1. Can you pull out every residue in region 344-357 that is closer than 23 Å to GLN307 by Cα and open to solvent by 30 Å² or more (accessible area, probe 1.4 Å)?
2. Here are the criteria: (1) within 16 Å of the ligand (Cβ to nearest atom); (2) free of Cβ contacts under 8 Å to residues at least 60 places away in the same chain; (3) buried (at least 23 other Cβ atoms within 10 Å of the Cβ). Tell me which single one THR191 does not satisfy.
3. Hey, can you tell me all the residues within region 75-99 that are part of a helix (DSSP H, G or I) and touching a strand residue (DSSP E or B) at 6+ places or on another chain (Cβ under 9 Å)?
4. State whether one or more residues within region 133-151 are open to solvent by 20 Å² or more (accessible area, probe 1.4 Å), more than 16 Å from the chain's Cα centre (by Cα), within 16 Å of the ligand (Cβ to nearest atom) and modelled with pLDDT of 95 or more.
5. Would you mind listing the strands (runs of 3 or more DSSP E) fully within region 7-61 where at least 2 residues are open to solvent by 60 Å² or more (accessible area, probe 1.4 Å)?
6. Are any residues in region 75-122 within 15 Å of the ligand (Cβ to nearest atom), among the hydroxyl-bearing types (Ser, Thr, Tyr) and open to solvent by 30 Å² or more (accessible area, probe 1.4 Å), and if so, which ones?
7. Would you please name the residue that is modelled with the highest pLDDT, looking only at residues in region 295-332 that are among the polar types (S, T, N, Q) and under 20 Å from ALA283 (Cα atoms)?
8. State whether the residues of region 125-135 include one that is assigned to a helix (DSSP H, G or I), among the aromatic types (Phe, Trp, Tyr) and touching a residue at least 12 places away in the same chain (Cβ under 8 Å).
Amino acid sequence: MPSCVEEIRKVLVLYTGGTIGMVKNDDGVYIPASNRFIQKIKSYPELHNEQVLSKYIEGIPEEDYLIMPQIHNRNTILYTIKEYNPLLDSSNMSVDDWVRIVKDIESFYDYYDGFVILHGTDTLAYTASALSFMLEDLQKAVIVTGSQIPIFEVRSDAKDNFLSSLIFAGCYKIPEVCVCFANQLLRGNRTVKFSSCNLEAFNSPNYGPLGIVGINFEVYPNNIAKINNTKTLKVYTEMSKNVAMIQLFPTISADMLIAFLKPPTMGVIIESYGIGNIPSKRADLLDVLVQAIKRDVIVVNITQCCQGTVDSTYETGKILEQLGIIPGHDMTVEAALSKLSYVLGLSLSLTAKKQLMKTNLRGELTQH
Ligand code: ASP
């Protein structure tokens, strides 16, 4: 059972960008601001205490960035913030940024008890999902967070999100990539951004929370992956960029589908209707899908609904399986896309890759 420990815990914070550290420029729009976040954090006594810090930093190499909160007089977290250059709005992030994050986690894995990734909220769910696949047999917490309002503003949600993430990463044994936002701890590859304006921006439509922050911190052991200290971290950085995603819609044409499926595309997520249905009377669309599958393109079916799974309950859904389209069960679009990118990068046969797409690898899908 995960539990708080009474000792010094070390956390590495990778600050990639996002609203959390943005300021308005002369045109009145938010842009990332370098070298400001750490200064601001140092101004909060609950996040940084210079006097207490001085007792611990002797002999520790990263003393420039070591900052220390004391949590309920029980735990002390020493943390280092590594600010990326350039800081990015997460809309500008790509596979290369995922690779940079996992390489940093790999380099510092043995030196820290947990990791916090500060990230823009727009593509945070994609990154959290991708990290979960790129980090196999993870035995430490990797907590991805950000904020809807910059830390420099009065009503900001940044400090609470950051503080809670540090506590989960430092004090709890959670061997998973998680998202901590607005007092909820969610599995990273189950998370979606569902609101552009609420402070509760994320939810986990098909899987319960891993923990919550109230007066106390609570974690739910039954929902969290089990620690296995016999396993060691394996890092995968060969992610395919030749993956695409298309949502079905009533006016879709065969040409539109062809454009998505043509080389170099190697894998496509089809967001079908409802419980996994495609227009079964549209021979033109079905033919495009069949031709792509014959070219060894992996096509994965997930629902375009906000919640639920795909199933072959209807004739319109059964036909997809008959064509060789892989059921993606209840994966989010973010999990399905990043998993496909990961699976296509593995040195395995096409059959093995297809099998992995329908198999639960990191708690991202429910197999019935
Ligand atoms: N556009 C910002 C980003 O994703 C939004 C945010 O962080 O809330 O970087």
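The values are calculated or read from the model by the stated rules, or taken from the named source; none is laboratory data. A quick note: this is a predicted structure, and the numbers were derived from the prediction, not measured. Cβ coordinates were reconstructed from backbone atoms using ideal geometry, including for glycine residues, and neighbour counts include every protein chain displayed. With ligands, DNA and RNA removed, areas are computed over all heavy atoms of the protein, side chains included. Shrake-Rupley method; radii C 1.70, N 1.55, O 1.52, S 1.80 Å.
1. The initial filter retains those residues of region 344-357 that are closer than 23 Å to GLN307 by Cα, namely 356-357.
LEU356 - this is the single residue of region 344-357 that is closer than 23 Å to GLN307 by Cα and open to solvent by 30 Å² or more (accessible area, probe 1.4 Å).
2. So the condition that THR191 fails would be (2).
3. Going residue by residue through region 75-99, those that are part of a helix (DSSP H, G or I) are 90-92, 95-99.
SER90, ASN92, ASP97, listed by residue number.
4. yes
5. Values: elements: 8-17, 22-24, 30-32.
Strands (runs of 3 or more DSSP E) meeting the threshold: 30-32.
6. Scanning region 75-122 gives SER91, SER94.
7. Out of the qualifying residues, it is ASN301.
8. Within region 125-135, the subset assigned to a helix (DSSP H, G or I) is 125-134.
Restricting the remaining residues to those that are among the aromatic types (Phe, Trp, Tyr) gives 126, 133.
Filter once more, keeping what is touching a residue at least 12 places away in the same chain (Cβ under 8 Å): 126, 133.
The answer is yes; a qualifying residue exists.
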